[in-house]
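So the structure is just underneath, and the comments pick up after that.
The values are calculated or read from the model by the stated rules, or taken from the named source; none is laboratory data. Only a predicted model underlies this, so the values are computations on that prediction, with no experimental measurement involved. Cβ placement follows ideal geometry from the backbone for every residue including glycine, while neighbour counts extend to all protein chains displayed.
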Number of protein chains: 2
Amino acid sequence: MSDLPRSVEFHEEGPREGFQIERTLYPLGRRAALIEALAASGLKQVQVGSFVSPKAVPTMADTADLFGAIRKREGVRYTALWLNEAGFRRAAATPGVDLDGKLIFYTTDAFCQKNNGCSAAEQRERQATWARLYLDAGVPLDKAYILTAFGCNFEGDVPLERVLDDVRFVVDLAAELKMPLPVIYLADTVGWGNPEAIRRMIGAVRELVPEARIGTHLHDTRGIGAANVLAALQMGVSLFDSSIAGLGGCPFAKHANVQGAGNICTEDMAFMCEEMGIETGLDLEALIEAALLAEDIIGRPLSGKLMHAGLPKRKPLSV
Amino acid sequence: MSDLPRSVEFHEEGPREGFQIERTLYPLGRRAALIEALAASGLKQVQVGSFVSPKAVPTMADTADLFGAIRKREGVRYTALWLNEAGFRRAAATPGVDLDGKLIFYTTDAFCQKNNGCSAAEQRERQATWARLYLDAGVPLDKAYILTAFGCNFEGDVPLERVLDDVRFVVDLAAELKMPLPVIYLADTVGWGNPEAIRRMIGAVRELVPEARIGTHLHDTRGIGAANVLAALQMGVSLFDSSIAGLGGCPFAKHANVQGAGNICTEDMAFMCEEMGIETGLDLEALIEAALLAEDIIGRPLSGKLMHAGLPKRKPLSV
């Protein structure tokens with residue numbers, strides 16, 4: 001019936017996904033406290049912020065300072081996002097950043113132009129440069145993200161073949177540079193995915209590159225994120241990006257807000273896995289605490305549900 | 001891999017589930033307009049309200065008047081809830097109520113006491129009386145709900161065997177009265193279900209009574225409702241209770257609010273099915289309109305996501 005993994009790993013995106021879309025610059029100390037709470041829950045990777053244009057994303061401008069403010073926990077990777085070489089160099093120059101060599105592909109020109117200022121083909125060629133940059137810096141090639149893998153708000157449906165083309169490029173590049181194959185992350189950047197599309201896409205990538213580890217970066221834009229996670233689990237996926245409390249969007253906007261919609265919710269998805277008997281290595285109570293802290297910092301209700309309902313209270317059964 | 005149905009039916013619970021938990025009595029005309037909007041979207045069954053104690057649930061006290069206010073649409077069943085014989089008699093005496101002969105079972109005494117004022121065993125015996133009442137009134141036996149089938153806030157985990165006992169009781173009762181077997185509804189009343197539990201439970205019920213049609217009544221208490229729906233779909237379930245905009249709970253309560261948490265969201269789940277190629281017979285744009293109307297009536301943000309994100313905008317692909 002399915003190929004459920006025995007254990008899964010959640011990579012926390014909330015501190016970046018959640019705060020990059022805000023207009024307010026929340027106090028650095030509170031954001032550091034949130035990151036510490038997340039690491040304390042058992043999460044092994046937390047994305048702290050972005051080294052991107054401070055003009056484009058003013059709330060990420062103090063990412064280097066934020067790295068300096070965190071009390072680190074051993075065994076946890078504190079990562080950052082960058083979208084160009086200059087960003088990587090800033091990240092590399094910042095003490096405390098755990099550099100994960102990541103490649104970023106786009107399936108459509110329109111989204112790539114908007115996010116990265118070039119065509120998808122140009123971006124792809126740039127990834128060869130990024131990979132060499134990582135090689136020179138001694139940073140292992142870790143992840144290859146394929147953004148808008150399931151659809152794009154500007155260009156609509158995305159043919160599977162476009163995603164597979166990027167996967168082939170990654171495989172060839174890694175072989176050429178004699179670097180290990182990175183994890184292939186299928187990203188449903190704007191929430192177009194559905195369980196059947198996820199099943200088909202993962203199946204096709206696995207068929208093409210059976211040795212690849214596949215991860216997903218899913219958004220709960222249209223309320224089916226949990227089902228998409230289940231579909232990925234059933235295809236054996238054991239690596240998920242997620243955001244505490246479902247951070248990353250404003251679900252209360254009255255108007256179409258598709259780009260800003262939040263990631264799948266870390267604690268809700270970890271709860272699901274644990275209930276299904278899949279190990280997460282996470283302390284759900286600690287995650288709920290972190291989620292409530294996130295809500296307190298943001299100052300409005302967040303979309304996570306477990307944080308509001310609480311864990312089921314298991315008692316000895318009355319017979 | 002799975003036994004997905006070709007088409008599914010959603011039974012709308014929002015007008016009852018959503019408004020019964022409110023302290024405010026919202027204007028009757030607006031509630032009637034919501035019901036009309038729901039019926040206009042293609043939904044074939046809408047639960048309008050409850051014939052229960054007006055002291056216990058004051059916002060359902062005007063259910064008979066609400067039935068009188070709705071402009072009916074042909075082919076739509078306008079149903080109501082009752083929890084005892086007196087309630088059924090009031091429903092039967094109210095013009096315009098489509099009577100669906102329903103039985104209600106509880107898996108735990110504590111929840112049954114709280115909801116129905118008797119033990120689960122007493123409630124079960126009462127169901128034999130209810131069935132005879134329906135027979136006498138010429139009302140077909142339509143549904144048998146097994147509440148808290150996946151767990152209970154008061155008694156904890158519920159053994160599968162308790163659910164199967166109720167199913168056996170229903171089968172025997174229907175045979176004894178020479179009434180057709182009703183749909184067996186497995187209700188995750190307080191949001192304890194997970195995809196694996198749902199798979200196991202549906203499998204066990206189907207093994208016991210292969211001829212039974214199974215429906216689910218799921219709540220999205222802990223953010224995994226969509227995954228639970230997917231698990232049920234994969235087991236071939238094609239009947240779902242749901243609530244427009246995810247009505248039925250206040251996701252913004254800071255404190256544990258497990259009993260009040262909303263149903264799975266009609267339009268989000270219908271969207272998922274349609275995207276997966278499963279027919280719903282529903283007009284998603286019309287459902288979104290109804291969801292926005294529900295939000296406008298309630299006057300605070302509701303948890304449905306598609307209503308805020310909008311449908312994906314499909315465009316011809318640029319090649």
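In the same structural domain as A:Pro54 (by TED's automatic domain parsing) and in contact with a Phe, Trp or Tyr (Cβ under 7 Å, 6 or more places away or on another chain): which single residue out of A:Phe111, A:Phe88 fits that description? Being in the same structural domain as A:Pro54 (by TED's automatic domain parsing) and in contact with a Phe, Trp or Tyr (Cβ under 7 Å, 6 or more places away or on another chain) holds for just one of A:Phe111, A:Phe88, which is A:Phe88. Quick check: anything in segment A:1-14 closer than 29 Å to A:Ile202 by Cβ, in contact with a Gly (Cβ under 6 Å, 6 or more places away or on another chain) and among the β-branched types (Val, Ile, Thr)? Checked against the condition, which is being closer than 29 Å to A:Ile202 by Cβ, in contact with a Gly (Cβ under 6 Å, 6 or more places away or on another chain) and among the β-branched types (Val, Ile, Thr), segment A:1-14 yields no hits at all. Look through segment A:1-28, keep the residues that are out of contact with any helix residue (DSSP H, G or I) (no Cβ under 7 Å at 6 or more places or on another chain) and surrounded by fewer than 21 Cβ atoms within 10 Å (Cβ to Cβ), and return whichever of them is nearest to the other protein chains (Cβ to nearest Cβ). Only one residue fits best here, namely A:Met1. Residues that are touching a helix residue (DSSP H, G or I) at 6+ places or on another chain (Cβ under 8 Å) and within 14 Å of A:Asp65 (Cα to Cα) within segment A:93-107 comprise A:Thr94, A:Pro95, A:Gly96, A:Val97, listed in sequence order. Of the helices (runs of 4 or more DSSP H) lying entirely inside segment A:1-119, the ones with 3 or more residues being within 22 Å of A:Val190 (Cβ to Cβ), touching a strand residue (DSSP E or B) at 6+ places or on another chain (Cβ under 6 Å) and not small (Gly, Ala, Ser) are found at A:14-20.
Please count how many residues of segment A:184-208 are away from chain B (no Cβ under 14 Å) and crowded, with 18+ Cβ neighbours inside 10 Å. Working first, answer last.
Looking only at segment A:184-208, we keep the residues that are away from chain B (no Cβ under 14 Å), and these are A:184-187, A:204-205, A:207-208.
After this cut, where a residue has to be crowded, with 18+ Cβ neighbours inside 10 Å as well, the list is A:184-187, A:205.
Qualifying residue count, segment A:184-208: 5.
For residues in segment A:100-131 being hydroxyl-bearing (Ser, Thr, Tyr) and within 14 Å of chain B (Cβ to nearest Cβ), which is nearest to A:Met179 (Cα to Cα)? Reasoning before the result, please.
First pass over segment A:100-131, keeping only residues hydroxyl-bearing (Ser, Thr, Tyr): A:106-108, A:119, A:129.
From what is left, the residues that are within 14 Å of chain B (Cβ to nearest Cβ) are A:106-108, A:119.
Numbers: A:Tyr106: 22, A:Thr107: 24, A:Thr108: 27, A:Ser119: 26 Å.
The selected residue is A:Tyr106.
Which one of these does B:Thr59 not meet: (1) touching a residue at least 24 places away in the same chain (Cβ under 8 Å); (2) farther than 23 Å from B:Ile264 by Cα? Exception for B:Thr59: condition (2).
So, A:Ala226, is that one under 17 Å from A:Pro5 (Cα atoms) and either within 14 Å of another protein chain (Cβ to nearest Cβ) or at pLDDT below 95 (or both) or not?
Working: under 17 Å from A:Pro5 (Cα atoms): yes; either within 14 Å of another protein chain (Cβ to nearest Cβ) or at pLDDT below 95 (or both): yes.
So A:Ala226 fits the description; yes.
Taking the residues in segment A:286-311 that are under 20 Å from the mean Cα position of the chain (by Cα) and not in a helix (DSSP H, G or I) as candidates, determine which candidate is nearest to B:Lys305 (Cα to Cα). Going through the qualifying residues, I end up with A:Ser303. The single condition among (1) closer than 24 Å to B:Pro27 by Cα; (2) part of a helix (DSSP H, G or I) that B:Glu274 does not meet is (1).
Here the condition is being crowded, with 17+ Cβ neighbours inside 10 Å, more than 9 Å from chain B (Cβ to nearest Cβ) and either touching a Pro at 6+ places or on another chain (Cβ under 9 Å) or at pLDDT 95 or above (or both); of A:Ala294, A:Ala261, it holds for A:Ala294 alone. Take the residues in segment A:55-83 that are modelled with pLDDT under 95 and in contact with a Phe, Trp or Tyr (Cβ under 9 Å, 6 or more places away or on another chain); name whichever of them is surrounded by the fewest Cβ atoms within 10 Å (Cβ to Cβ). Per the criteria, the residue is A:Leu83.
Sort through B:Glu211, B:Glu275 and tell me the only one that's at the interface with chain A (Cβ under 10 Å from one of its Cβ atoms) and at pLDDT 95 or above. Walk me through it before giving the result.
Details: B:Glu211 fails: at the interface with chain A (Cβ under 10 Å from one of its Cβ atoms).
Just a single option satisfies the conditions, and that option is B:Glu275.
For segment B:193-216, does any single residue satisfy the condition of being under 21 Å from B:Asp268 (Cβ atoms) and among the acidic types (Asp, Glu)? No, that holds for no residue. Filtering segment B:132-179 to residues that are within 14 Å of chain A (Cβ to nearest Cβ) and either farther than 27 Å from B:Arg200 by Cβ or basic (Lys, Arg) (or both) leaves only B:Arg162.
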